Amino acid sequence: MPSARPHRFSRPPPLTSARLPVLVLGIETSCDETGIALYDTGRGLLAHALHSQVALHADYGGVVPELASRDHIRRVLPLTREVLRESGARLADLDAVAYTAGPGLAGALLVGAGIGASLAHALGIPALAIHHLEGHLLSPLLATPAPQFPFVALLVSGGHTQLIQVKGVGDYSLLGETLDDAAGEAFDKSAKLLGLGYPGGPAVAALAASGRAGRFTLPRPMLRNNSLDFSFSGLKTAVLTAVRDLPPDAQARADLAAELQAAIVDVLVGKSVAALEQTGIPRLVVAGGVGANRRLREQLTAAAQRLGCTVFYPPFELCTDNGAMIAFAGALRLQQGAHRGTAAGFTVRPRWDLASLSKA
Ligand code: KG4
Ligand code: ZN
């Protein structure tokens, strides 16, 4: 579970590139985590600081957008000073500022975008508007070994469940996605029904650790059809019914949590395997908060091995929202020339289709 205290770590894999190294500040404020990082294309990730708002929203059972925005405003500059101090860099050393421009909560996005664009304007350097999911998608490239293009990406966060074919930076085609709830949402909503806290994924996983899947039976929606789309909303309804009829023994909740986790993981693994088979691509990348789930990692790795494929994960700390993935995506985009045509001012896109980046 993300800590409510600022968290730091540093991990260095640099981009191997003949170009001059560039230093990018990344700002992530799309939801309930303020993430700030410095990525240098020559030296790798120099510093990364995160403030989680989990404690702030816990009493409400979910993210309260207005509270999220107010807290981001309080955190962005102190965390920026912190990563600068930790890395020994100065503002004048920055080559660009990358910020999450969407998708996400409008007010929360505006905080990072407003501060990021103003800072870039004052320093006379480019401001890069980064797609949050592109950040997640490229984050496994921050690990060693990094996957080669092309790869299939399973993007599983609180708001998204997608299978994407990635041919290169900015070249993304959608293979399948959820028709209703995201996998993370299925964890979060079911967790509430089980009387667990927010965010639900880590809470369900912790309870499931002492439970046994199979005692209760939950559906594996759309697992056996031919499409690569997902549907998780029926699962939540099935959990509701199971909770109402729950036997009184102490083990029952843990067994139901284990079955819930198994159902979500079975569907994610089944569809990922189908995507690898359909595309013939032997590399799978897993990104987004649900990618931190250990059972998902174990099952995916085993299923991919049977196919002769390799699965790549971001470091655990970079599965959930963070600034490192935004700084990194910004650095890749900067090297691609994304800064050309960057004008003063900024815009955010609370709803932003990832596939539209490929047409840009
Ligand atoms: O990517 P992320 O940090 O934020 C979004 O962009 O949505 O993902 C958050 C989601 C939440 O639904 C949370 O419950 C889920 O990721 N999550 C997990 C685990 N850690 C976080 N779900 C299952 N198992 C986990 N260990
Ligand atoms: Zn995310």
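The values are calculated or read from the model by the stated rules, or taken from the named source; none is laboratory data. What you see is a predicted model; the values in this text were computed from it and never measured. A quick note on method: Cβ atoms are made from the backbone with ideal geometry, for glycine too, and the neighbour counts reach across all protein chains shown. Heavy atoms of the whole protein, side chains included, go into the accessibility calculation; ligands, DNA and RNA do not. Shrake-Rupley method; radii C 1.70, N 1.55, O 1.52, S 1.80 Å.
A few comments on the model shown:
So that you can scan it fast, the table gives a plain yes or no per residue for (1) of a type in the set (S, T, N, Q); (2) buried (at least 21 other Cβ atoms within 10 Å of the Cβ); (3) within 21 Å of Pro350 (Cβ to Cβ):
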{"residue": "Ala49", "(1), (2), (3)": "no, yes, no"}
{"residue": "Val64", "(1), (2), (3)": "no, no, yes"}
{"residue": "Leu67", "(1), (2), (3)": "no, no, yes"}
{"residue": "His72", "(1), (2), (3)": "no, yes, yes"}
{"residue": "Leu79", "(1), (2), (3)": "no, yes, no"}
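- Residue in segment 122-139 that is among the hydrophobic types (A, V, I, L, M, F, W, C) and without any contact (Cβ under 8 Å) to a residue 24 or more places away in the chain present: yes
- Ala292 being more than 30 Å from Asp32 (Cα to Cα) and under 24 Å from the mean Cα position of the chain (by Cα): no
- For segment 184-193, the condition holds for no residue, the condition being that it is surrounded by fewer than 22 Cβ atoms within 10 Å (Cβ to Cβ), outside the structural domain of Thr29 (by TED's automatic domain parsing) and either of a type in the set (Gly, Ala, Ser) or more than 16 Å from ligand 1 (Cβ to nearest atom) (or both).
- A single member of Val290, Val311 is within 17 Å of Leu137 (Cβ to Cβ), crowded, with 16+ Cβ neighbours inside 10 Å and free of Cβ contacts under 8 Å to residues at least 40 places away in the same chain, and it is Val311.
- Just one of the listed residues (Leu223, Leu246, Leu175, Leu228) is in contact (Cβ under 8 Å) with a residue 60 or more places away in the chain, in a loop (DSSP other than H, G, I, E, B) and in contact with a helix residue (DSSP H, G or I) (Cβ under 9 Å, 6 or more places away or on another chain), namely Leu228.
- Scanning segment 255-269 turns up no residue that is surrounded by 13 or more Cβ atoms within 10 Å (Cβ to Cβ), assigned by TED's automatic domain parsing to the domain that holds Ala182 and not in a helix (DSSP H, G or I).
- Qualifying residues in segment 152-169 (those that are away from ligand 1 (no atom under 12 Å from the Cβ), within 18 Å of His132 (Cβ to Cβ) and open to solvent by less than 10 Å² (accessible area, probe 1.4 Å)) - the one farthest from the chain's Cα centre (by Cα): Val166
- Contact map, segment 73-89: first residue under 13 Å from Thr29 (Cβ atoms), second residue modelled with pLDDT of 95 or more and among the small types (Gly, Ala, Ser), Cβ cut-off under 7 Å, separation 6 or more or different chains; pairs are Val76/Gly112; Leu79/Ala49.
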